[in-house]
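Q: This structure is in structure tokens; I'll ask about it shortly.
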Amino acid sequence: MDSRSYVFFFGLSSLTLIALAYDPDTLQDLCVADRTSGIKVNGFTCKPESNITASDFFFAGIGKPAVVNNTVGSAVTGANVEKIAGLNTLGVSLARIDYAPGGLNPPHTHPRATEVIFVLEGELDVGFITTANKLFAKTVKKGEVFVFPRGLIHYQKNNDKAKPASVISAFNSQLPGTQSMAATLFTASPPIPDHVLTTAFQIGTKEIEKIKSKLAPKKG
């Protein structure tokens with residue numbers, strides 16, 4: 001294979017991978033998720049069309065603020081295929097995020113989707129970090145929109161210490177997935193070895209254990 005052929009083949013392969021990088025297009029009108037099926041596929045198997053109802057396409061869970069009762073001061077209510085079975089194979093979903101005064105949605109990523117937020121109430125400091133370690137940050141207010149590119153670490157912080165805030169998030173995936181940086185590193189099961197974390201963060205074992213104890217899920 002000469003160099004031109006190699007470049008063409010590489011370019012064609014790259015375009016193919018890009019085309020397959022998001023949820024696949026549906027090949028039928030409806031594929032409502034059968035979440036009771038034991039069959040594992042990339043997504044969910046389809047329930048029989050005779051069993052589909054309008055309720056499979058309905059969810060009322062993001063119409064009002066969630067109760068925020070955690071230490072970081074934010075709560076996420078997903079409206080994805082796990083809540084709306086009719087989203088299966090459609091490649092879209094929503095979420096509502098509510099922030100207590102001064103609340104934070106900690107640095108995290110969505111491995112399967114780009115996120116677009118629309119501010120319902122309040123004012124937020126938001127930002128994302130590229131793989132070149134560059135921060136793009138901005139303050140967004142009610143009625144404004146901000147985009148977080150797929151897979152990049154990002155955050156949102158309510159900069160008002162007296163009033164709550166809320167946003168609606170849109171994703172180009174039926175189930176975008178979320179990895180919170182702190183929780184992923186310090187509460188993994190089985191745990192990441194302490195020597196990996198102490199070397200990565202240049203801190204001692206005692207500090208690692210202290211962080212783990214603060215992030216550990218509350219029992220009971």
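Read-outs: derived from the displayed coordinates by stated rules, not from any lab. Bear in mind the structure is a predicted one, so any value in this text is a computation, not a measurement. Using ideal geometry, Cβ is built from the backbone for each residue, glycine included, and neighbour counts are taken over all protein chains shown.
Q: For mean projected area of the Cα convex hull in nm², one of (i) 18.0; (ii) 15.2; (iii) 16.1 was computed from the structure I shared and the rest are decoys. Which label?
A: Comparing each candidate, only (i) matches the computed number.
Q: Work out the charge dipole of the range 49-177 with +1 on the Cβ of Lys and Arg and -1 on the Cβ of Asp and Glu about the Cα centre, then indicate which of A165, P149, I129 is farthest towards its positive end.
A: I129
Q: Please list 154-164, 77-87 highest first by mean number of surrounding beta-carbon atoms within 10 Å per residue.
A: Highest-to-lowest ranking by the protection proxy: 77-87, 154-164.
Q: Next up: Which residues in the range 99-139 have a backbone N closer than 16 Å to a point placed 7 Å from the Cα of F201 along the Cα-to-Cβ line?
A: 106-108, by backbone N distance to the label point.
Q: Give the residue from A216, L94, G61 lying farthest towards the positive end of the charge dipole for the chain; charges sit on Cβ (+1 for Lys and Arg, -1 for Asp and Glu) and the dipole is referred to the Cα centre.
A: The listed residue farthest towards the positive side: A216.
Q: Taking the Cα centre of the chain as origin, sum charge times position over the Cβ atoms of Lys and Arg (+1) and Asp and Glu (-1), and report the length of that vector in debye to the nearest 20.
A: In debye, rounded to 20, the chain gives about 720.
Q: Rounding to the nearest 20 debye, state how big the charge dipole of the range 77-151 is about its Cα centre with +1 on each Lys and Arg Cβ and -1 on each Asp and Glu Cβ.
A: So the magnitude is around 220 debye.
Q: Also: If packing is taken as the mean number of other Cβ atoms within 10 Å per residue, what is the order of 175-186, 202-213, highest first?
A: So the order, starting with the most tightly packed, is 175-186, 202-213.
Q: Could you work out the helix-only [θ] at 222 nm for the chain, with each DSSP H run of four or more residues adding -39,500 (n - 2.57) and the total divided by the number of residues, to the nearest 500 deg cm²/dmol? Kindly include the intermediate steps, with their values, before the conclusion.
A: Values: 4 runs with 42 residues, N = 220.
Only helices count here, giving -5500 deg cm²/dmol.
Q: Over the range 49-177, what relative contact order in percent results from Cα pairs under 8 Å that are six or more residues apart?
A: Once normalised by length, the contact order is 31 percent.
Q: Compare S173, S189, S37 in a GNM of the chain, Cα atoms joined below 10 Å, and give the one with the largest fluctuation.
A: Greatest mean-square fluctuation among the candidates belongs to S189.
Q: Considering only C-alpha atoms, what is the centroid distance from the range 62-139 to the range 39-55, in Å?
A: Cα centroid to Cα centroid, the span is 27 Å.
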